[in-house]
Amino acid sequence: MTKPVECSSGKTTPPEFGCSCCGAPQKQPVSNSRNFHWIDGSVKTQSGEIPKVKTSLNFRDRVGTIKTRWGIGRMRYLVPPGLYAVGGPAPESPVFVSANYKLSFDLLRKQLANRNGWILVLDTKGINVWCAAGKGTFGTGELLRRIKLTHLDNIVSHRRLIVPQLGATGVSAFKVQKASGFRVIFGPVRVKDLPAFLDSDMKVVPEMRLVRFDLKDRLVLVPIELMIGLKYMLLGSFLIALLGGFSSNGYSFTNVLSTGLTGASVFFGSFLSGTILGPLLLPVLPGRAFSIKGAVLGIFFVLVLFLSASHINLVSGSLLQMISFAIIIPTLLSFILMNFTGSTTFTSLSGVLREMRRAVPIQLTAAVIGFILWFGGLFINIGR
Amino acid sequence: MRYIESAVNLEFDRSLCNGCGMCTVVCPHAVFRLEDKRAVMADKGACMECGACAKNCAQKAIKVRAGVGCAAAVLSSFLKKKTSIECGDDPDSPCCG
């Protein structure tokens, strides 16, 4: 194993990419290299050899996709920026612009099966098209730079670039045309509509222009949401379990196992079920603000918990603790769902700011009150 | 699904519009529509402030404070005392996945 390259920006990249983030010349991928199993020879052009990509995804691509969805090693999963060939492209073949996030790139090359074309991969630091466009890395400047670096104007005879529609947040079509002569054609939002778009003389039907947020779109986000929250929630649950050892009789390990563990499992269970059910039930939860949707889901959980607790005696301890659960669960879910705004496709920053100005102070207050009640309940035993 | 509509900051000056239709092409929520050879804001409340329309309006007829509608990004920029709100390069960031 060779050591990763340290870039001037402080970021490390795998050695085979060179220091692409600081503009130094990048190493051309070699087909026999382990990380470049998706390369299949090369195509000769006026400006040298261009690596050719496979249009079918293999086992390793699929494993990579699953790992990425679970947040494992995704920043090591980059495509070196530059130009790639698909099929046997000619100078007249279309040029598709993509991000160097492997998932975006994989989806694109898969849809280009049995076609000829060029893929121009921009350096988006391993981030998908839409997010990179929002940050500006998938943008006018990087596109112009990449056109120049790859000598695209020598390789293709036309002056057209097919850019995913969501790239428009970063790419100004009129500026690109003015500076490079290349006309930007915004293709469909979803890459799966690309074949239909290409077969219909680059016509985009209105439906292909709209982002959606269907059940499946929300479902694929659940693993990464779980992974992000996991460490905080495990830590929180651990602390709750430890604190549960306190009582008016001092500290005991028996209490950790009973009261502490009950509190911890209620807390962790709320996180788990909220992170899974919140995104799935999003359209049916009442309210526009996500913090309200979360609180409503939390109240529902509280009802379920209390109804089942009367049978299985889950809620042991004092009445104060039961009240504290009724406060903490909706608060936690309100916070979790509020943080899901960034993963959706339709929330505006202005809306998020308005929602947070109201919700965050309430969440903080409720969390403090809930904790005091729970902790206080360890020492005062009323009810039950 | 729709979000808090009244908060949206999106301004359109129809008198500057030349009817190129680019805003209708780039908007992922069909906020704009062409009517009598010029654009109209047909559904302002659906706007998510991504900024694609303003970026691609050569006439500068559209104004929007573009940003990411992400509470986690707002929180982290508030905690780190940053002035701009954007997705981090944080590989954990779910919105960049």
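The values are calculated or read from the model by the stated rules, or taken from the named source; none is laboratory data. Because the structure is a prediction, the values reported are computed rather than measured. No Cβ is skipped: glycine too gets one built from the backbone with ideal geometry, and neighbour counts run over all protein chains shown. Side chains included, ligands, DNA and RNA excluded: accessible areas come from the protein's heavy atoms. Shrake-Rupley method; radii C 1.70, N 1.55, O 1.52, S 1.80 Å.
Which of the following residues is over 14 Å from the mean Cα position of the chain (by Cα) and within 19 Å of A:Val176 (Cα to Cα): B:Gly21, B:Gly51?
Working: B:Gly51 fails: over 14 Å from the mean Cα position of the chain (by Cα).
None of the others qualify; the one that does is B:Gly21.
So, in region A:315-324, of the ones that are open to solvent by 10 Å² or more (accessible area, probe 1.4 Å) and assigned to a helix (DSSP H, G or I), which residue ends up modelled with the lowest pLDDT?
First pass over region A:315-324, keeping only residues open to solvent by 10 Å² or more (accessible area, probe 1.4 Å): A:316-317, A:319-320, A:322-323.
Of the ones still in play, those that are also assigned to a helix (DSSP H, G or I) are A:319-320, A:322-323.
Values: A:Leu319: 81, A:Leu320: 85, A:Met322: 86, A:Ile323: 91.
By that ranking, first place goes to A:Leu319.
Mind checking which pairs have a first residue in region A:248-276 that is farther than 26 Å from A:Met227 by Cα and a second that is assigned to a helix (DSSP H, G or I) and of a type outside the set (A, V, I, L, M), Cβ under 8 Å, 6 or more apart or different chains?
Hits for this filter: A:Thr259/A:Gln321.
Being away from chain B (no Cβ under 14 Å) and in contact with a helix residue (DSSP H, G or I) (Cβ under 6 Å, 6 or more places away or on another chain) is the filter here, so list the residues in region A:349-366 that pass it.
Listed by number, the list holds a single entry, A:Ala366.
Taking the stated definitions as given, is A:Gly244 out of contact with any Phe, Trp or Tyr (no Cβ under 6 Å at 6 or more places or on another chain), without any contact (Cβ under 8 Å) to a residue 12 or more places away in the chain and open to solvent by less than 40 Å² (accessible area, probe 1.4 Å)?
On the way: out of contact with any Phe, Trp or Tyr (no Cβ under 6 Å at 6 or more places or on another chain): yes; without any contact (Cβ under 8 Å) to a residue 12 or more places away in the chain: no; open to solvent by less than 40 Å² (accessible area, probe 1.4 Å): yes.
No, not satisfied.
Out of the residues in region A:367-379 meeting the condition of being open to solvent by 70 Å² or more (accessible area, probe 1.4 Å) and free of Cβ contacts under 8 Å to residues at least 60 places away in the same chain, tell me which one is nearest to the other protein chains (Cβ to nearest Cβ). First the steps, then the outcome.
Initially, region A:367-379 is screened for residues open to solvent by 70 Å² or more (accessible area, probe 1.4 Å), giving A:368-369, A:371-372, A:379.
From what is left, the residues that are free of Cβ contacts under 8 Å to residues at least 60 places away in the same chain are A:368-369, A:371-372.
Working: A:Val368: 17, A:Ile369: 21, A:Phe371: 20, A:Ile372: 23 Å.
This residue is A:Val368.
From the set of residues in region A:121-137 that are in contact (Cβ under 8 Å) with a residue 40 or more places away in the chain and farther than 22 Å from A:Arg160 by Cβ, which is most open to solvent (accessible area, probe 1.4 Å)?
This residue is A:Lys125.
Can you pull out the residues in region A:94-120 that are open to solvent by 40 Å² or more (accessible area, probe 1.4 Å) and basic (Lys, Arg)?
Correct list: A:Lys110, A:Arg115.
Are there any pairs, at least 6 apart or on different chains, whose C-beta atoms fall under 8 Å, with the first in region A:327-348 and more than 9 Å from chain B (Cβ to nearest Cβ) and surrounded by fewer than 23 Cβ atoms within 10 Å (Cβ to Cβ) and the second modelled with pLDDT of 95 or more and assigned to a helix (DSSP H, G or I), and if so, which?
Matching pairs, first to second residue: A:Ile327/A:Ala366; A:Ile327/A:Ile369; A:Ile327/A:Gly370.
Filter region A:200-213 for residues that are open to solvent by less than 80 Å² (accessible area, probe 1.4 Å) and at the interface with chain B (Cβ under 10 Å from one of its Cβ atoms); which is farthest from A:Lys67 (Cα to Cα)? Outline the logic, then answer.
From region A:200-213, those open to solvent by less than 80 Å² (accessible area, probe 1.4 Å) are A:200, A:202, A:204-205, A:208-211, A:213; that's our starting set.
Applying the additional criterion that residues be at the interface with chain B (Cβ under 10 Å from one of its Cβ atoms) yields A:204, A:209-211, A:213.
Working: A:Val204: 33, A:Arg209: 29, A:Leu210: 28, A:Val211: 25, A:Phe213: 22 Å.
Of everything passing the filter in region A:200-213, A:Val204 is farthest from A:Lys67 (Cα to Cα).
For region B:38-60, give me each residue that is open to solvent by less than 20 Å² (accessible area, probe 1.4 Å), touching a strand residue (DSSP E or B) at 6+ places or on another chain (Cβ under 6 Å) and not acidic (Asp, Glu).
Across region B:38-60, the qualifying residues are B:Ala39, B:Cys47, B:Gly51, B:Cys53.
Please work out which residue is nearest to A:Ile185 (Cα to Cα), limiting yourself to region A:221-230 and to residues that are of a type in the set (A, V, I, L, M, F, W, C) and either facing chain B (nearest Cβ under 9 Å) or without any contact (Cβ under 8 Å) to a residue 24 or more places away in the chain (or both). Step through it out loud before you land on a result.
So the first thing to find is which residues in region A:221-230 are of a type in the set (A, V, I, L, M, F, W, C), and the list is A:221-222, A:224, A:226-228, A:230.
From the residues that got through so far, the ones that are either facing chain B (nearest Cβ under 9 Å) or without any contact (Cβ under 8 Å) to a residue 24 or more places away in the chain (or both) too are A:221, A:224, A:227-228, A:230.
Values: A:Leu221: 30, A:Ile224: 33, A:Met227: 37, A:Ile228: 37, A:Leu230: 42 Å.
Out of the qualifying residues, it is A:Leu221.
Tell me yes or no: at least one residue of region A:275-286 is in a helix (DSSP H, G or I), polar (S, T, N, Q), under 22 Å from A:Phe371 (Cβ atoms) and at pLDDT 95 or above.
If we filter region A:275-286 for residues that are in a helix (DSSP H, G or I), which is where we start, we get A:275-281.
Of the ones still in play, those that are also polar (S, T, N, Q) are A:275.
Filter again for under 22 Å from A:Phe371 (Cβ atoms), leaving A:275.
Then keep just the ones that are at pLDDT 95 or above; that gives A:275.
So far as region A:275-286 goes, yes, one or more of its residues are in a helix (DSSP H, G or I), polar (S, T, N, Q), under 22 Å from A:Phe371 (Cβ atoms) and at pLDDT 95 or above.
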